[in-house]
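To start, the structure itself, in structure tokens.
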Amino acid sequence: MPFFCLRCGECCSAMGDVHALERGPAGELAVRNRYTGEVTRVNPDPGHARLLENPPIPGACPLLRQDTNGAAVCPVHETWPEVCAAYACWRILVLDPDGRRAARVMGHRHLAVDDPAIEAVLAPHRERLGRIDDDQAWDEEIVRLTGSAGYRVIR
């Protein structure tokens, strides 16, 4: 499944309780998972090392930074911990006509709505959607309904 990151930082916004950033005596970086104790050595990605000079985002993963445009960036993306690589914030992404995230399907049939107008589109179909047994058919119906209402869908 292709993934289109909006650089919102939501994926890392609560990881401050999970990850701790550790610096070695020579300045090397590691991320310690506070729950499992796992330590992952990380290296700044080319072109992103300077972002580590910016203050971390409060409450977020201690590595998450904002670039000059305000977008969330993981400056060690290429060497980040396995738990980070396993995160997928959506299976289906629904964008409004201006390209802003309007909704997304996550996990098993969980529709997270950011744009209340999508609720109005889906409300008349909720009962029928609940009767669809096949996951792929359910996905296709979400895509059809939101697409026909003028939203752009990315899978």
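Sort out which residues of the range 99-109 are out of contact with any strand residue (DSSP E or B) (no Cβ under 9 Å at 6 or more places or on another chain) and either exposed (fewer than 14 other Cβ atoms within 10 Å of the Cβ) or under 17 Å from residue 154 (Cβ atoms) (or both), and write them in order of number.
Those that are out of contact with any strand residue (DSSP E or B) (no Cβ under 9 Å at 6 or more places or on another chain) and either exposed (fewer than 14 other Cβ atoms within 10 Å of the Cβ) or under 17 Å from residue 154 (Cβ atoms) (or both): 100, 107, 108.
This table checks each residue for (1) under 19 Å from residue 6 (Cα atoms); (2) acidic (Asp, Glu); (3) at pLDDT below 90; (4) not in a loop (DSSP other than H, G, I, E, B).
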{"position": "31", "(1), (2), (3), (4)": "no, no, no, yes"}
{"position": "35", "(1), (2), (3), (4)": "no, no, no, no"}
{"position": "45", "(1), (2), (3), (4)": "yes, yes, no, no"}
{"position": "60", "(1), (2), (3), (4)": "yes, no, no, no"}
{"position": "78", "(1), (2), (3), (4)": "yes, yes, no, yes"}
{"position": "89", "(1), (2), (3), (4)": "yes, no, yes, no"}
{"position": "94", "(1), (2), (3), (4)": "yes, no, no, yes"}
{"position": "97", "(1), (2), (3), (4)": "yes, no, no, no"}
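Using beta carbons and a limit of 7 Å, which pairs, at least six apart or on different chains, have the first residue in the range 72-85 and under 14 Å from residue 30 (Cβ atoms) and the second one of a type in the set (Ser, Thr, Tyr) and not in a helix (DSSP H, G or I)?
Going by the 7 Å Cβ cut-off, the qualifying pairs are 81/40.
Any idea which of (1) at pLDDT 85 or above; (2) not in a helix (DSSP H, G or I) is the one residue 108 doesn't satisfy?
(1)
Can you report the number of residues in the range 111-120 which are in a helix (DSSP H, G or I) and either in contact (Cβ under 8 Å) with a residue 12 or more places away in the chain or in contact with a Phe, Trp or Tyr (Cβ under 8 Å, 6 or more places away or on another chain) (or both)?
Counting residues in the range 111-120 that are in a helix (DSSP H, G or I) and either in contact (Cβ under 8 Å) with a residue 12 or more places away in the chain or in contact with a Phe, Trp or Tyr (Cβ under 8 Å, 6 or more places away or on another chain) (or both) gives 2.
Exposed (fewer than 14 other Cβ atoms within 10 Å of the Cβ), touching a Lys or Arg at 6+ places or on another chain (Cβ under 9 Å), touching a residue at least 24 places away in the same chain (Cβ under 8 Å) and of a type in the set (Asp, Glu): does that describe residue 96?
Judged against the criteria, residue 96 is not a match.
So is residue 70 in the same structural domain as residue 49 (by TED's automatic domain parsing), exposed (fewer than 14 other Cβ atoms within 10 Å of the Cβ), among the small types (Gly, Ala, Ser) and not in a strand (DSSP E or B) or not?
Criteria met by residue 70.
Cβ-Cβ distance below 9 Å, separation of 6 or more or different chains: which pairs start in the range 140-155 with a residue that is within 12 Å of residue 91 (Cβ to Cβ) and end on one that is buried (at least 17 other Cβ atoms within 10 Å of the Cβ) and of a type in the set (Ser, Thr, Tyr)?
Short answer, once both residue conditions are applied: 153/146.
The values are calculated or read from the model by the stated rules, or taken from the named source; none is laboratory data. Note that the structure is a prediction, hence the values are computed from the model and not measured. As a convention, Cβ positions derive from the backbone with ideal geometry for all residues, glycine included, and neighbour counts pool all protein chains shown.
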